C-alpha cells in the first residue's frame, strides 16, 4: 500500500531523528520500541478481542458475511437457516490465540456477534451480549479455561430483553453486568436479571442521538469510585445512578465534535490511586471526527479527524475539560493503559470515520501519553494499516497484541484499497528494550487469590537496588470499535521494600488489596511490579470476597439448535 508523504515523513522521523524524553532519560536516534508479526493468517479478522485468564486472546468476527479464512479442522459445519449469506458454513468466525505457543485454535460461535460487547465476570468467564440479525438478543459465555468454547443463550429467560447492536457492557460490583444502549435501543438492562426486573429507559441516550448518524453508539461506560456510572455519549457526559435510574450529575460538553461511533474516538479511566484512597476519578477521551464526517464520506469527502483530547476529573467540585492536542489527528484509535500507567494510542486513520470504506490515510505511528506530565511521544511506525474493526490489548509480557482491520463488507483481499487484515502483530513498547533489563523486576512469588481489604506479600527479584517501587493492578479490556470496555488500573499501597537476604537479589514487601468491589470489581487482574518506572512481566491475581472461587459455570442450561 502506498504511504502518503506525511506518513513517509513521520516514519522517517520516528526511526531516525526522534528525541524522546522518558523516565528521566533522553533517547536520541532510533526509538527503543519494536514491531513483530507473529501470525501471518489468523483466519478471522479481529473485530472483537479480549485476553482471558488462561493467557489466550479470544478474537471473533461477524458470522453472516460468508466464509472466513479458516476451516474447522474437525469437520464441523454451522447450519443456520437464519444466516443471511451461508446456511451451511464450515469456516470459523472465532479463534483463540495462545500466547505461549503462538498457535490458533478454532472456536464455535453460532449466532451473529456483529458489533456486540462483553465483560469478564468474577470467575474469569467472558459474558458477551448482543449482535445483529439472529444475534441481537443473544447472551453468550466463554469459560476461562484453555479448552472452553462458546455457550449461547438465545431464549428467555437468559436472552436480552432488547436487541443490542453497538451497545456497551460494564461489570458491576455485584458481579452482574449492565448492558447500555445500542442502535434504536434507548435503554439499559442487567444480566443476570433480578426477579421482576426488566428494561429501564435512559433518556440520555435519546437526547444524545443525532438523527441520521446516531453518534452515541458504543457509549463509554466507567464505574466511578462512588459506585455510580460515568456515561459518555456523543459529546455529553453524566454521572448515573443505575440503582435508582437517575442522573446524579451532568458534566460540561466536550468541545470540537463527537467521540462515539461512528466518530470513534477512544476513552479511558485514568489509573485510580491508593494515595487518595481510590476516591478520585479522571477520564480522558482522544480523537473523533467533526459532526458530519460520517455523512460526508457518502459524498466522497473524507474530513480530517480530530486532534484533541479532553481530560476531566469527574469527582471534582467544579469539573471542566482540559483540552490537549495529540501529535496527529486520529479516528478509530485504540487507547490502552500500559503497565507503567501511561496511555498508548494506537491504530486508526487520519481522515474519514468508522464504517466500511469510510476512512483514508491510516495512522501507522503509535503515541504514548504521560498523564503526570501531559506529554505525548510519537514512536516507531508499523507497516500494517489498522483502521475499521481493529483492536489492541495489553498482554502479561508488557507487549501489546494488535490485530484486525477490515474496511470491507467481507473478507476481501483483492481489488480493494485496504485488504482484510489477518496478520497479528506484537508491539513492544520502549520499556521492554534491553537497556532496561538491569532494573526490570521479576515476580518470584505472589498469591493467586486476594480478598478485599487484605494485605499480601509479593516477592520479586531485580539486578539493581529497588528504587521507587510501585504495584499496579490491571483489569484487561474487552476491545471492539475503539471501545476498551472494563479496562481499569489501580496503583496499590505498599510498605517499604525490605532488603534482600545476603547473597540474594530477591526482595519482598507487603501490598494492600483494594478495599471493595466498587473500586475494583471482583475478577482476574494482572499484577505488575515497577522498579524505577520499569515494569515486570505481570502475573494473574484473582480479587474476590472469598478465599477461593469455584470454577466457571454456565448461567443456566445452554440452549441448543438454531438461535
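The values are calculated or read from the model by the stated rules, or taken from the named source; none is laboratory data. Note that the structure is a prediction, hence the values are computed from the model and not measured. All Cβ positions, glycine included, derive from the backbone under ideal geometry; neighbour counts span all protein chains shown.
Give the residues of the range 33-70 that are over 16 Å from the mean Cα position of the chain (by Cα) and either in a strand (DSSP E or B) or within 19 Å of residue 337 (Cα to Cα) (or both), sorted by residue number.
The answer is 33, 34, 35, 36, 37, 38, 39.
Quick one: how many residues across the range 197-220 are within 24 Å of residue 293 (Cα to Cα) and either in contact (Cβ under 8 Å) with a residue 40 or more places away in the chain or surrounded by 19 or more Cβ atoms within 10 Å (Cβ to Cβ) (or both)? Reasoning before the result, please.
So the first thing to find is which residues in the range 197-220 are within 24 Å of residue 293 (Cα to Cα), and the list is 204-220.
Keeping just the survivors that are either in contact (Cβ under 8 Å) with a residue 40 or more places away in the chain or surrounded by 19 or more Cβ atoms within 10 Å (Cβ to Cβ) (or both) gives 204-205, 208-210, 212-220.
Of the residues in the range 197-220, 14 are within 24 Å of residue 293 (Cα to Cα) and either in contact (Cβ under 8 Å) with a residue 40 or more places away in the chain or surrounded by 19 or more Cβ atoms within 10 Å (Cβ to Cβ) (or both).
Give me a count of the residues in the range 483-525 that are part of a strand (DSSP E or B), in contact (Cβ under 8 Å) with a residue 60 or more places away in the chain and under 27 Å from the mean Cα position of the chain (by Cα).
Result for the range 483-525: 12.
Report yes if some residue within the range 165-172 is surrounded by fewer than 20 Cβ atoms within 10 Å (Cβ to Cβ) and part of a loop (DSSP other than H, G, I, E, B); otherwise report no. Spell out how you get there, then give the answer.
Restricting attention to the range 165-172, the residues satisfying the condition of being surrounded by fewer than 20 Cβ atoms within 10 Å (Cβ to Cβ) are 172.
Add one more test, that the residue is part of a loop (DSSP other than H, G, I, E, B), and what stays is 172.
Yes: the range 165-172 contains one or more residues that are surrounded by fewer than 20 Cβ atoms within 10 Å (Cβ to Cβ) and part of a loop (DSSP other than H, G, I, E, B).
Can you confirm whether residue 450 is crowded, with 19+ Cβ neighbours inside 10 Å, over 20 Å from residue 306 (Cα atoms) and not assigned by TED's automatic domain parsing to the domain that holds residue 299? Before the answer, list the steps.
Working: crowded, with 19+ Cβ neighbours inside 10 Å: yes; over 20 Å from residue 306 (Cα atoms): yes; not assigned by TED's automatic domain parsing to the domain that holds residue 299: yes.
Here the answer is yes, as residue 450 does meet what is asked.
Which one of these is surrounded by fewer than 20 Cβ atoms within 10 Å (Cβ to Cβ), part of a loop (DSSP other than H, G, I, E, B), modelled with pLDDT under 95 and more than 25 Å from the chain's Cα centre (by Cα): 73, 30?
Values: 73 fails: modelled with pLDDT under 95.
When all the criteria are applied, what remains is 30.
May I ask you to list pairs of residues, at least six apart or on different chains, whose Cβ atoms are under 6 Å apart, with the first in the range 287-305 being in the same structural domain as residue 235 (by TED's automatic domain parsing) and modelled with pLDDT of 95 or more and the second being in a helix (DSSP H, G or I) and surrounded by 17 or more Cβ atoms within 10 Å (Cβ to Cβ)?
Here the result reads 303/293; 303/296, each pair linking the range 287-305 to a residue that is in a helix (DSSP H, G or I) and surrounded by 17 or more Cβ atoms within 10 Å (Cβ to Cβ).
Please go through the range 338-364 and pick out each residue that is part of a loop (DSSP other than H, G, I, E, B) and surrounded by fewer than 21 Cβ atoms within 10 Å (Cβ to Cβ).
So in the range 338-364, the residues part of a loop (DSSP other than H, G, I, E, B) come out as 338-342, 347-348, 353-358, 363-364.
Residues satisfying the conditions are 355, 356, 357.
Taking the options 378, 450, 402, 363, name whichever one is within 28 Å of residue 519 (Cα to Cα) and in contact (Cβ under 8 Å) with a residue 24 or more places away in the chain.
Values: 378 fails: within 28 Å of residue 519 (Cα to Cα); 402 fails: within 28 Å of residue 519 (Cα to Cα); 363 fails: within 28 Å of residue 519 (Cα to Cα).
None of the other options fit; the residue is 450.
For residue 335, are the conditions met, namely being farther than 23 Å from residue 115 by Cα and either touching a residue at least 24 places away in the same chain (Cβ under 8 Å) or not assigned by TED's automatic domain parsing to the domain that holds residue 260 (or both)?
No: the conditions fail for residue 335.
Residue 190 passes all but one of (1) surrounded by fewer than 21 Cβ atoms within 10 Å (Cβ to Cβ); (2) not in a strand (DSSP E or B); which number fails?
Failing condition for residue 190: (2).
Within the range 220-323, considering only strands (runs of 3 or more DSSP E) that don't extend past its boundaries, which have at least 1 residues that are more than 19 Å from the chain's Cα centre (by Cα)?
Here the list reads 236-241, 246-250, 308-313.
Every residue in the range 111-151 that is surrounded by fewer than 24 Cβ atoms within 10 Å (Cβ to Cβ), touching a strand residue (DSSP E or B) at 6+ places or on another chain (Cβ under 7 Å) and outside any strand (DSSP E or B), please.
Those that are surrounded by fewer than 24 Cβ atoms within 10 Å (Cβ to Cβ), touching a strand residue (DSSP E or B) at 6+ places or on another chain (Cβ under 7 Å) and outside any strand (DSSP E or B): 121, 122, 124, 146, 148, 149.
Take the conditions outside the structural domain of residue 38 (by TED's automatic domain parsing), part of a loop (DSSP other than H, G, I, E, B) and either surrounded by fewer than 23 Cβ atoms within 10 Å (Cβ to Cβ) or in contact (Cβ under 8 Å) with a residue 40 or more places away in the chain (or both) and apply them to residue 410. Does it pass? I'd like the intermediate steps shown before the answer.
Values: outside the structural domain of residue 38 (by TED's automatic domain parsing): no; part of a loop (DSSP other than H, G, I, E, B): yes; either surrounded by fewer than 23 Cβ atoms within 10 Å (Cβ to Cβ) or in contact (Cβ under 8 Å) with a residue 40 or more places away in the chain (or both): yes.
For residue 410, the condition - outside the structural domain of residue 38 (by TED's automatic domain parsing), part of a loop (DSSP other than H, G, I, E, B) and either surrounded by fewer than 23 Cβ atoms within 10 Å (Cβ to Cβ) or in contact (Cβ under 8 Å) with a residue 40 or more places away in the chain (or both) - is not met.
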